[in-house]
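The values are calculated or read from the model by the stated rules, or taken from the named source; none is laboratory data. Since this is a predicted model, take the numbers as computed values, not measurements. So basically every Cβ, Gly included, is an ideal-geometry build from the backbone, and we count neighbours across all protein chains shown. Note: areas computed on protein heavy atoms with side chains; ligands, DNA, RNA excluded. Shrake-Rupley method; radii C 1.70, N 1.55, O 1.52, S 1.80 Å.
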Amino acid sequence: MKKIAIIGGGIIGSTAAFYLSQLSDCQLTVFDFPQGQATRASAGIIAPWLSKRRNKKWYQLAKDGAHFYQKLAVDLALPKTIFNHSGALFVRPEETLPDLLNLANERIKEAPDMGEIELLNGSATKKKLPLLKEMPSLYLSGGSQLDGSSYLDHVQSILKTKHIPFVQEYVTINKKADSWEVQSQGQTDTFDALLLAPGPHLKKLLAPLGYRVDIRPQKGQLLCFQTPFQPTSDWPVAMLEGEADVIPFSNGKILVGATHENDAAWDLTPTTEAYKQLTDGVARFLDSSVSLMDYPTTYQVGTRAYTSDFAPFFGPVYDDSSLVVASGLGSSGLTTGPYIGYLLANYFANQQAVFDCYQKSLTNYLSKRERPTDC
Ligand SMILES: Cc1cc2nc3c(=O)[nH]c(=O)nc-3n(C[C@H](O)[C@H](O)[C@H](O)COP(=O)(O)OP(=O)(O)OC[C@H]3O[C@@H](n4cnc5c(N)ncnc54)[C@H](O)[C@@H]3O)c2cc1C
């Protein structure tokens, strides 16, 4: 029986483990040391269709990733508290809404998951999401929210029932003649193949093997307000102008976020600057009777992985088909991550690799150095 190790138990690694356990009878182990993990820190918006990014392959991946949630929700029996078709509001200056509506009407031809498209006036927007002032918006009923942390708990509990080991250790890897060693504190295990889904840590993990990886860490902070508001379960997510979005969850939890900090490296400290930036950013959109800042507040802080062209990459490494990588998901990894995990599980199970329509060649992001280095 083939032995496969998945390194990284975020949204890619956990989803891949679930599908691999369904599609193949391999012997699977997941290693995860959840430090600064992006999935548990994330905001949870799944609504990629009105993105202005010009990278067509990325858009295809994001669109198909959003569509994949229909299958994922059924396969994993996701409850509404984890994955909710809440709809999404795009709150924008009134004069820009006709262009956004045109874009939505164009994109829905290829993406029926967008659902109903409605141009809302101020009072209709406020009726959908009472936290907001009366401001016009574009509403897509197909927008969704995912609670990343609860999603991982849910998948991990399924993996447990399938007796798949989930080892909470930071590991390093080492290539042997026709196998891989995975080393954690005091223990070495041997595997036939590896799936590396360690977010921005991919660079460090592969450096000793001589690979150069185009990845940088980006700090993201968001604020979590525990409010008494009820019922919040049918409130849509609101994508506002600027960096602060509002994401209401079913139990009165309201997220506001997130920052995109390129110079913070691996730092995970919550900062007063982020609090000010996010609360200032959202203030002009909130109804004057809503003072989120009066409620208990916590931070969620994580490290995203970014490539130079902001696009993710995934698949078998060109010179070694037993080594599969996935990283660089940036700000939209909740949208694309489960689908990438599914595609990679299919690769291991059936050697199917239909990845070209979603990304440039892997060699754009990963190449071999002449001499290995430590990081
Ligand atoms: C604040 C914030 C808000 C976000 N909001 C959204 C959003 O609204 N919508 C959206 O689509 N996306 C969002 N994202 C992006 C999304 O969360 C990420 O792109 C996605 O979760 C990345 O998943 P991943 O599995 O690649 O990595 P991660 O979730 O980071 O998981 C990688 C795991 O591997 C572990 N690991 C690394 N190296 C090792 C090692 N050597 N040994 C063992 N374990 C290791 C890490 O510690 C980590 O636990 C947000 C991200 C942040 C930070």
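Suppose the filter is within 15 Å of the ligand (Cβ to nearest atom) and surrounded by 13 or more Cβ atoms within 10 Å (Cβ to Cβ); does G143 pass it?
Working: within 15 Å of the ligand (Cβ to nearest atom): yes; surrounded by 13 or more Cβ atoms within 10 Å (Cβ to Cβ): yes.
Yes.
Return only the number of the condition from (1) away from the ligand (no atom under 13 Å from the Cβ); (2) part of a strand (DSSP E or B); (3) open to solvent by 10 Å² or more (accessible area, probe 1.4 Å) that R304 does not satisfy.
If we test R304 against (1) away from the ligand (no atom under 13 Å from the Cβ); (2) part of a strand (DSSP E or B); (3) open to solvent by 10 Å² or more (accessible area, probe 1.4 Å), just (1) comes out false.
Report, ordered by the first and then the second residue, all pairs with beta carbons closer than 9 Å, sequence separation of six or more or different chains, a first member in the range 208-234 that is under 15 Å from A43 (Cα atoms) and assigned to a strand (DSSP E or B), and a second member that is of a type in the set (G, A, S) and away from the ligand (no atom under 16 Å from the Cβ).
Taking only residues 6 or more apart or on different chains, the pairs are F225/G252; Q226/G252.
Could you list all residues from the range 184-193 that are surrounded by 15 or more Cβ atoms within 10 Å (Cβ to Cβ) and at pLDDT 95 or above? Step through it out loud before you land on a result.
Narrowing the range 184-193 to residues surrounded by 15 or more Cβ atoms within 10 Å (Cβ to Cβ): 184, 189, 191-193.
D189, F191, D192, A193 - these are the residues of the range 184-193 that are surrounded by 15 or more Cβ atoms within 10 Å (Cβ to Cβ) and at pLDDT 95 or above.
Here are G242, G281, G252: which of them is in contact (Cβ under 8 Å) with a residue 12 or more places away in the chain, open to solvent by less than 10 Å² (accessible area, probe 1.4 Å) and of a type in the set (G, A, S)?
G252
Rundown of residues vs (1) open to solvent by less than 20 Å² (accessible area, probe 1.4 Å); (2) aliphatic (A, V, I, L, M), yes/no style:
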position: T81; (1), (2): no, no
position: R92; (1), (2): no, no
position: D113; (1), (2): no, no
position: I117; (1), (2): no, yes
position: P130; (1), (2): no, no
position: K162; (1), (2): no, no
position: D178; (1), (2): no, no
position: L195; (1), (2): yes, yes
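Would you tally the residues in the range 44-77 being under 30 Å from K162 (Cβ atoms), open to solvent by less than 20 Å² (accessible area, probe 1.4 Å) and among the small types (G, A, S)?
Going through the range 44-77 one residue at a time, the tally reaches 4.
Are there any strands (runs of 3 or more DSSP E) wholly within the range 307-375 with 1 or more residues that are at positive phi, and if so which? Steps first, answer last, please.
Values: elements: 313-317, 320-327, 366-368.
Per the criteria, 313-317.
Among (1) open to solvent by less than 50 Å² (accessible area, probe 1.4 Å); (2) over 25 Å from L240 (Cβ atoms), which single condition is D319 missing?
That leaves (1) as the condition not met.
S21: at pLDDT 95 or above and either open to solvent by less than 10 Å² (accessible area, probe 1.4 Å) or within 11 Å of the ligand (Cβ to nearest atom) (or both), yes or no?
No.
Can you name every residue in the range 154-180 that is aliphatic (A, V, I, L, M) and touching a residue at least 40 places away in the same chain (Cβ under 8 Å)? Don't jump to the end; show me each part of the working.
Taking the range 154-180 and keeping what is aliphatic (A, V, I, L, M), we get 155, 158-159, 164, 167, 171, 173, 177.
If the condition is that a residue be aliphatic (A, V, I, L, M) and touching a residue at least 40 places away in the same chain (Cβ under 8 Å), then V155, I158, L159, I164, V167, V171, I173 are the ones that fit.
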